[in-house]
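The values are calculated or read from the model by the stated rules, or taken from the named source; none is laboratory data. Treat the numbers as computed from the prediction; the structure is a model and nothing was measured. Glycine also receives a Cβ, built like all others from the backbone with ideal geometry; neighbour counts cover every protein chain displayed. These accessible areas exclude ligands, DNA and RNA; they are computed on the full protein's heavy atoms, side chains included. Shrake-Rupley method; radii C 1.70, N 1.55, O 1.52, S 1.80 Å.
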Amino acid sequence: MTKAGFVSLIGRPNAGKSTLMNSLLGEKIAMVSQKANATRRRSNAIVMHEETQIIFVDTPGLHEREKILNQFMLDEALKAMGDCDLIVYLAPVTDSVEHYEKFLKLNKKKVKHIIVISKIDQVKQEKLFKCIASYNQYGDQFEALIPVAIPKKVGHADLLKVISKYLPESPYLYDPENLTSELVRDIYAGFIREGIFENVSDEVPYESDVIIDSIDEDKNLDKIFATIIIEKESQKGIIIGKGGDSIKRIGTYARMKIETLSGKKTFLELQVLVKKGWTKDVNFLKEIGYDHVK
Ligand SMILES: Nc1nc2c(ncn2[C@@H]2O[C@H](COP(=O)(O)OP(=O)(O)OP(=O)(O)O)[C@@H](O)[C@H]2O)c(=O)[nH]1
Ligand SMILES: [Mg+2]
């Protein structure tokens, strides 16, 4: 009998949720950034481990809700928490246990969870032991605690094994050949957003978004046309840069990620659109896919 189920990756911004999902899949499909609040919507990766199909659900980080978009992001995480077979609660080794206590309160349905401690490659062993000890006082709440160093894949095998143990017997829910059920256009939009996050500073990454206008696929070349939306006229100069160098960097960055995933040469054209106050415009947010904004 095979097993299958949904495993939500939950944790604070910057904990490493998207990095972990990509790493377990062995392909980069989710955007990642050194800057917090990178992920805005749920996305998934279908990982096969022996006879178990694990559908990881990446989520936006748990954070205070300030703007409409942040509320949407928090709701995305809460929905994923309540609607899965198992939660992986991810926390960097440097995080205080207080954040875990807050997570326990948010986990109203008391869905079973595993604690994963990330970034252990960045601290001495003594710090890791102290961290583990601080979670051990809640030993009756979680099923397992697994330290990981994601770039070196330390802890990955253990994690997959433990997750498999807690998933229900079930036929596979997706074709095991598939990497994800996400649309290619959403994955590519994420890569362009990552390009913005990694190449532009200040508030611009948080006040911008990406719409894929069209993808023309050919045997040897994919042509992708996309629009970067920004809030203010003054941000246009920042996105475009001197002589267009900034938008060129963003485009090259995203194109390389796209080509790695598709295995094809890609032509990517980016244009910029100023949409004043778009992050507060509920109708516009709905239009571009933030479907349950309020
Ligand atoms: N050294 C090291 N860096 C890590 C590890 N895990 C994640 N990172 C880095 O941490 C940063 C944040 O990673 P993300 O995967 O974007 O974090 P996230 O939890 O998805 O963040 P949000 O989408 O903002 O909620 C990136 O720069 C990663 O490269 C780890 O185990 N070790
Ligand atoms: Mg993320």
Determine, yes or no, whether Met31 is at negative phi, modelled with pLDDT of 95 or more and away from ligand 1 (no atom under 12 Å from the Cβ). no
So which of Asp245, Asp186 ends up being in a helix (DSSP H, G or I), without any contact (Cβ under 8 Å) to a residue 40 or more places away in the chain and of a type outside the set (S, T, N, Q)? Asp245
For region 53-68, what are the residues that are open to solvent by 10 Å² or more (accessible area, probe 1.4 Å) and either touching a Leu at 6+ places or on another chain (Cβ under 9 Å) or within 11 Å of ligand 1 (Cβ to nearest atom) (or both)? Val57, Leu62, His63, Glu64, Arg65, Ile68
Across region 1-40, the tally of residues that are touching a helix residue (DSSP H, G or I) at 6+ places or on another chain (Cβ under 6 Å) and surrounded by fewer than 18 Cβ atoms within 10 Å (Cβ to Cβ) stands at 1
Output for Cβ contacts, cut-off 6 Å, separation at least six or different chains, first residue without any contact (Cβ under 8 Å) to a residue 60 or more places away in the chain in region 80-104, second within 15 Å of ligand 1 (Cβ to nearest atom), reads Val93/Ile117; Val93/Lys119; Val93/Ile120; Val93/Val123; Val93/Leu128; Val93/Cys131
Out of region 11-70, which residues are among the acidic types (Asp, Glu) and in contact (Cβ under 8 Å) with a residue 40 or more places away in the chain? Glu27, Glu50, Glu51, Asp58
Which residues, counting only those in region 117-150, are in a loop (DSSP other than H, G, I, E, B) and in contact with a strand residue (DSSP E or B) (Cβ under 6 Å, 6 or more places away or on another chain)? Lys119, Phe142, Glu143, Val148
So, in region 117-153, of the ones that are within 16 Å of ligand 2 (Cβ to nearest atom) and either among the β-branched types (Val, Ile, Thr) or at pLDDT below 95 (or both), which residue ends up least open to solvent (accessible area, probe 1.4 Å)? Val148
Report the residue count in region 208-220 for those that are open to solvent by 60 Å² or more (accessible area, probe 1.4 Å) and part of a strand (DSSP E or B). 3
Determine if region 87-98 includes at least one residue that is in contact with a Leu (Cβ under 7 Å, 6 or more places away or on another chain) and within 23 Å of Ser43 (Cα to Cα). yes
Which of the residues belonging to region 151-163 are within 15 Å of ligand 1 (Cβ to nearest atom), in contact with a strand residue (DSSP E or B) (Cβ under 7 Å, 6 or more places away or on another chain) and on the phi < 0 side of the Ramachandran plot? Asp158, Leu159
Quick test for you: out of Ile87, Ile114, pick the one residue that is more than 18 Å from Tyr290 (Cα to Cα), in contact with a Phe, Trp or Tyr (Cβ under 8 Å, 6 or more places away or on another chain) and open to solvent by less than 10 Å² (accessible area, probe 1.4 Å). Ile114
